[in-house]
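To keep things clear, I will list the structure first and then write my remarks on it.
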Amino acid sequence: MIVVTLICWGMSLYKLRDLARDRGNRPLRALCLALIAITISMTLQPLMPKIDQLFGTPDVTRLMSNCLSLVCATAAQAFLLYMTSRDVSTRRRVRRRTIALALTITVMIMMFVVTLSDGSRSDPRVRAAEYYGEPFHPPFHFVYLAYLFVYLAYLGWSLTQVVVLANRYAGIAHRPLLRFGLRMITVGSLWGLAYVAAKLVAVALGNRSPDFALITDAVVVLTFSTSILLVLIGSTIPSWGPRVGLERLWVGTAAFRDYYRLYPLWTRIHAVLPEIALLPPPSGVRGALSIARDASLRRVRITVEILDGYATLRPWMSTAVLRQAQTAAREGGLLGEQQTAMVEAVVIGAALASRLNGAPPSSEATEALTLPLGPPRDSAAGDLDAADQVTWLAQVARAIASPMAEIIISQARSETLPLTPQSSER
């Protein structure tokens, strides 16, 4: 927890510097509030006995730390809401959450004040600060339980909201590091929910066995620290990640992955049409290293070569094969893009087989058959952009390597082969 606290201070100061340069940035203000709140909460925890003695009130520091954790969770929701929109409805949603936070903290403070016994200050365990390891025994049993369930209920609801908002925004985020950071926030919030569950288990079963209490306490510390660390890194990585080269590394890794996702489709086309390759295909460890060095260029090249293969195979593509592939894919239980990708894979596979066997071009080549077939797009959007094109061709590559594609290709060719020579002779 000391390490996490130091990281919290570093990230908080880093983002406060950004806020000083852009004070009107609502998402940044909410993020800085979340970071400062959890940083102070983490800093207070090892100082609990001294601060309680300073105020003369047992457990007051625990209450302060819990309230700051709730401020952090609410500010995190505001940060994610402002990231997607800053209109009047968004400000209204943030305002409602702020009011809920204020009410929750007020209730917790009232419960704490009402249930706190003045006589408990003279308890020997208070002077020795032993009660921090025994929150389940008098005189603090009432005090602890009074606000604990309110605290955990609000924290659990807030973390659930953060999971929903972060996951939703990650689905539309275009920057890779922003998307990755939001995924980390989602995972960190799930760890926070695990902390809530562990805390409830600790309260319910902590009295039964000292050994079990030690285990639950370790789980609580682990889940809390892990949650804070993941959320902290996820919320700040979009700003410091590019400065240390993470964005470049991410882009290179994605291009390297895309190259090998496209490779099964390229291999099949290259085996029949070797002329599509501008350079000999790389092989072995040295080839893999060369691909890694120029992954983005290799991804562009393999995509272009696949599309060149599509254009060359156009005369051998058959709409009869396409219709049979649609029927077979539908009967095989494929739906949506999976079905369309399978149909395209079958059309390409059948065209490659016809070209390899020396069959003449199909008489149906004049009919409208344009590949790639998908994914479905808005007619006003025009052609697919480069990223969508790579994603789609990767789906076709996965489909063409499947056993189902081989079966459908064999069936389609066996039904269309008798027609080809006759139509060719005419």
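The values are calculated or read from the model by the stated rules, or taken from the named source; none is laboratory data. Not measured: the values here are computed from a predicted model. Here the Cβ positions follow ideal geometry from the backbone for every residue, glycine too, while neighbour counts run over all protein chains shown. The area values use the complete protein model at the heavy-atom level, side chains included, leaving out ligands, DNA and RNA. Shrake-Rupley method; radii C 1.70, N 1.55, O 1.52, S 1.80 Å.
May I ask you to verify whether residue 114 is at pLDDT below 85, open to solvent by less than 40 Å² (accessible area, probe 1.4 Å) and either not acidic (Asp, Glu) or not in a helix (DSSP H, G or I) (or both)? No.
Only residues that are at pLDDT 75 or above and more than 21 Å from residue 153 (Cβ to Cβ) were counted in segment 198-216, giving 1.
Within segment 227-248, residues that are among the hydroxyl-bearing types (Ser, Thr, Tyr) have Cβ atoms under 9 Å from residues that are crowded, with 16+ Cβ neighbours inside 10 Å and at pLDDT below 85 in no pair, counting only partners at least 6 apart in sequence or on another chain. If only residues of segment 160-209 that are under 15 Å from the mean Cα position of the chain (by Cα) and among the basic types (Lys, Arg) are counted, the one that is most open to solvent (accessible area, probe 1.4 Å) is 168.
Filter segment 129-149 down to the residues that are farther than 19 Å from residue 205 by Cα and either at pLDDT 60 or above or open to solvent by 60 Å² or more (accessible area, probe 1.4 Å) (or both) and list them by number.
Going through segment 129-149, the residues farther than 19 Å from residue 205 by Cα turn out to be 129-130.
Correct list: 130 only.
Exactly one residue among 402, 410, 363 is of a type in the set (S, T, N, Q), over 30 Å from residue 175 (Cα atoms) and modelled with pLDDT of 85 or more, and that residue is 402. Of the residues 373, 393, the single one that is on the phi < 0 side of the Ramachandran plot and at pLDDT 85 or above is 393. Scanning segment 311-356 for residues that are out of contact with any Asp or Glu (no Cβ under 9 Å at 6 or more places or on another chain) and under 20 Å from residue 262 (Cα atoms) yields a count of 19.
Being outside any helix (DSSP H, G or I) and open to solvent by 10 Å² or more (accessible area, probe 1.4 Å) is the filter here, so list the residues in segment 309-359 that pass it. Scanning segment 309-359 gives 318, 332, 333, 334, 335, 357, 358, 359. Scanning segment 212-253 for residues that are touching a Phe, Trp or Tyr at 6+ places or on another chain (Cβ under 6 Å) and either open to solvent by 50 Å² or more (accessible area, probe 1.4 Å) or among the aromatic types (Phe, Trp, Tyr) (or both) yields a single hit, 224. When you check residue 191 against the structure, is it assigned to a helix (DSSP H, G or I), touching a residue at least 60 places away in the same chain (Cβ under 8 Å) and hydrophobic (A, V, I, L, M, F, W, C), yes or no? No; evaluated as a whole, the condition is false for this residue. For segment 19-56, which positions are of a type in the set (D, E, K, R) and surrounded by 15 or more Cβ atoms within 10 Å (Cβ to Cβ)? Once the filter is applied, which keeps residues that are of a type in the set (D, E, K, R) and surrounded by 15 or more Cβ atoms within 10 Å (Cβ to Cβ), segment 19-56 yields 26, 29, 52.
Pairs, please: C-beta under 9 Å, at least 6 apart or cross-chain, first residue outside any helix (DSSP H, G or I) and in segment 1-20, second aliphatic (A, V, I, L, M) and open to solvent by 30 Å² or more (accessible area, probe 1.4 Å)? Hits for this filter: 1/221. From the set of residues in segment 254-308 that are at pLDDT below 85 and of a type in the set (D, E, K, R), which is most open to solvent (accessible area, probe 1.4 Å)? Here the residue is 286. Selection of first residues in segment 262-277 that are assigned to a helix (DSSP H, G or I) and of second residues that are acidic (Asp, Glu) and open to solvent by 20 Å² or more (accessible area, probe 1.4 Å), restricted to Cβ pairs under 8 Å at least 6 apart or on distinct chains, gives the following pairs, ordered by first then second residue: 276/308.
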